[in-house]
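The values are calculated or read from the model by the stated rules, or taken from the named source; none is laboratory data. Small disclaimer: the values here were computed from a predicted structure and weren't measured. Reconstructed Cβ throughout: ideal geometry from the backbone, glycine too, with neighbour counts over all protein chains shown.
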Amino acid sequence: MTPASPDYYDTLETRSVDEREAQLMAALPRQIAHARSHAAAYGQLLRDVAPEAVSSRVALAALPVTRKAELLERQKAARRDGGDPFGGFSAIGWRPRSGALRVFASPGPIYEPEGCGADYWRAARALFAAGFRAGDLVHNSFSYHLTPAGSMMETAAHALRCTVFPGGVGNTELQLQAASELQPDGYVGTPSFLKILLDKAAEAGVALPSMRKALVSGEAFPASLREWLAARGIVGYQCYATADLGLIAYETEARDGMVLDEHVIVEIVRPGTGDPVPDGEVGEIVVTTLNADYPLIRFGTGDLSAVLPGRCPTGRTNTRIRGWLGRADQTAKVRGMFVHPSQVADIARRHPEVRRARLVVNGEMASDRMTLHVEVAQSNDGLSERIAESIRDITKLRGEVVLSAPGTLPNDGKVIEDARSYE
């Protein structure tokens, strides 16, 4: 393993690609066995899976994807029956029996446990890459109630031996007063609230000379805002994390995509399916976490991204992704019928000639039309008609078919494009 360096959080970040992959694949069967034994939902979902056989990405890709909608439905069903509020996906319950330190709620509501381990959400790595170090005072403006963002960043800061001011959300005047009097070294929170705070400081004539770094998340962080912060002496970085999984990827000083966390296995799959796409193609982020307390296996985030080629210029060797590129749930209602990305995938699977497919819905509501654009290497007589029959069979709707050459469709992860006029 590469010797420790002050430039990296730990030596895991610079291990060889082969070493990382071997260690992740060695941990994968153990995590699947653990999930089957300690999380009832996976005991059911993976009941026919031999954990020891899942030691490669090919084998992993054969397992079912669990998406938020399914997790929510299982939680609701369990709560109706007075059962496990986590729907059988958590391996821990309440303290002191088995260790949940806190419980958080995401929209739905979906309930997520927080275990007792230090830096449970693994966000310290992102804070470190953003320049935070031991002894810093961190102004934390993420929410401390209901959702885990505030706790996620506080426990990460503590892992770095930083001190935290728990500002939470809102109360701009009070937060500005605290920042001016305490002089924090950096900020964590949403980028929009940081701008509000700085605008309020300028309006009030309050200087914040100590605040020189920021780690932001939870919303878009456009280049224009990054430059706006830099003009005021604050270097901002972003990270990608969810309430279910914790840290997934983080930005480095290279400003070239986001580096994956060391304790997750990430796949990019075609929306509506569990099928991995080639590197560089936009698809849904699916994550398998090595967290023993909440062992989510092939969890579909619903977010779109793509793998970037090459390695990070900082020397970190893990895979990089482009960051958040939109949402994968592209369900559309056409003539009173819901059409799902999974149905588009089913149509494509029926025809081996089809490489990629994109369903475009045009027209106006109640008078709309569907056109399936498909990439094929070479066409043959009757292919369009056969695909049109599959459209009718699977969606119960009529649609036109347009054949095109490979590489013609946009690489944006869209399987269904709703191009209708809603005026």
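Out of the residues in the stretch 134-164 meeting the condition of being surrounded by fewer than 17 Cβ atoms within 10 Å (Cβ to Cβ) and farther than 24 Å from residue 110 by Cβ, tell me which one is farthest from the chain's Cα centre (by Cα). The qualifying residue farthest from the chain's Cα centre (by Cα) is 135.
Residue-wise test of (1) closer than 29 Å to residue 28 by Cα; (2) in contact with a helix residue (DSSP H, G or I) (Cβ under 9 Å, 6 or more places away or on another chain).
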{"residue": "208", "(1), (2)": "no, yes"}
{"residue": "232", "(1), (2)": "no, yes"}
{"residue": "251", "(1), (2)": "yes, yes"}
{"residue": "256", "(1), (2)": "yes, no"}
{"residue": "260", "(1), (2)": "yes, no"}
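Note on the stretch 104-128: residues that are buried (at least 16 other Cβ atoms within 10 Å of the Cβ) and not in a loop (DSSP other than H, G, I, E, B) amount to 12. Among the conditions (1) farther than 30 Å from residue 131 by Cβ; (2) within 21 Å of the chain's Cα centre (by Cα), residue 20 misses just one, which is (1). Kindly indicate whether residue 346 is among the charged types (D, E, K, R), closer than 25 Å to residue 325 by Cα and in a loop (DSSP other than H, G, I, E, B). Spelling it out, it is not the case that residue 346 is among the charged types (D, E, K, R), closer than 25 Å to residue 325 by Cα and in a loop (DSSP other than H, G, I, E, B). Scanning the stretch 81-94 for residues that are without any contact (Cβ under 8 Å) to a residue 24 or more places away in the chain and either farther than 20 Å from residue 243 by Cα or surrounded by 22 or more Cβ atoms within 10 Å (Cβ to Cβ) (or both) yields a count of 3. Filtered by the rule that a residue be more than 28 Å from residue 220 (Cα to Cα) and charged (D, E, K, R), the stretch 307-346 gives 335, 346.
Applying the condition of being out of contact with any Asp or Glu (no Cβ under 7 Å at 6 or more places or on another chain) and small (Gly, Ala, Ser) to the stretch 183-203 and asking which residue is farthest from residue 137 (Cα to Cα) yields 202.
Residues of the stretch 308-333 that are closer than 20 Å to residue 273 by Cβ, part of a strand (DSSP E or B) and of a type outside the set (Gly, Ala, Ser): 321, 327. Here 283, 257 are screened, and the one residue that is on the phi > 0 side of the Ramachandran plot and not β-branched (Val, Ile, Thr) is 257. Filtered by the rule that a residue be in a loop (DSSP other than H, G, I, E, B), in contact with a strand residue (DSSP E or B) (Cβ under 9 Å, 6 or more places away or on another chain) and among the hydrophobic types (A, V, I, L, M, F, W, C), the stretch 282-301 gives 282, 290, 296, 297.
Within the stretch 129-165, the set of residues being out of contact with any Leu (no Cβ under 7 Å at 6 or more places or on another chain) and part of a helix (DSSP H, G or I) comprises 129, 149, 150, 151, 152, 153, 154, 155, 158, 159.
Taking every residue in the stretch 67-80 that is without any contact (Cβ under 8 Å) to a residue 60 or more places away in the chain and of a type outside the set (Gly, Ala, Ser) and pairing it with any residue that is surrounded by 15 or more Cβ atoms within 10 Å (Cβ to Cβ) and part of a helix (DSSP H, G or I), at least 6 positions away or on another chain, the pairs with Cβ-Cβ distances below 6 Å are 74/41. Within the stretch 184-209, being under 23 Å from residue 123 (Cα atoms), out of contact with any strand residue (DSSP E or B) (no Cβ under 7 Å at 6 or more places or on another chain) and either of a type outside the set (Gly, Ala, Ser) or in contact (Cβ under 8 Å) with a residue 40 or more places away in the chain (or both) holds for 193, 195.
With respect to being at pLDDT below 95, in a strand (DSSP E or B) and either surrounded by fewer than 16 Cβ atoms within 10 Å (Cβ to Cβ) or not small (Gly, Ala, Ser) (or both), residue 4 falls outside the description. Taking the stated definitions as given, is residue 279 farther than 22 Å from residue 38 by Cβ, in a loop (DSSP other than H, G, I, E, B) and either among the charged types (D, E, K, R) or without any contact (Cβ under 8 Å) to a residue 40 or more places away in the chain (or both)? Here the answer is yes, as residue 279 does meet what is asked. Sort out which residues of the stretch 35-73 are assigned to a helix (DSSP H, G or I), at pLDDT 95 or above and under 23 Å from the mean Cα position of the chain (by Cα), and write them in order of number. Listed by number, the residues that qualify are 35, 41, 42, 45, 57, 58, 59, 60. Taking (1) within 30 Å of residue 108 (Cα to Cα); (2) buried (at least 21 other Cβ atoms within 10 Å of the Cβ) in turn, residue 170 satisfies each apart from (2).
A quick yes/no check of all residues on (1) out of contact with any Lys or Arg (no Cβ under 7 Å at 6 or more places or on another chain); (2) more than 25 Å from residue 283 (Cβ to Cβ); (3) surrounded by 17 or more Cβ atoms within 10 Å (Cβ to Cβ):
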site	(1), (2), (3)
340	yes, no, yes
343	yes, no, yes
349	yes, no, no
357	yes, no, yes
370	yes, no, yes
379	yes, yes, no
394	yes, no, yes
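Scanning the stretch 262-288 for residues that are crowded, with 22+ Cβ neighbours inside 10 Å, in contact with a helix residue (DSSP H, G or I) (Cβ under 8 Å, 6 or more places away or on another chain) and modelled with pLDDT of 95 or more turns up just one, 288.
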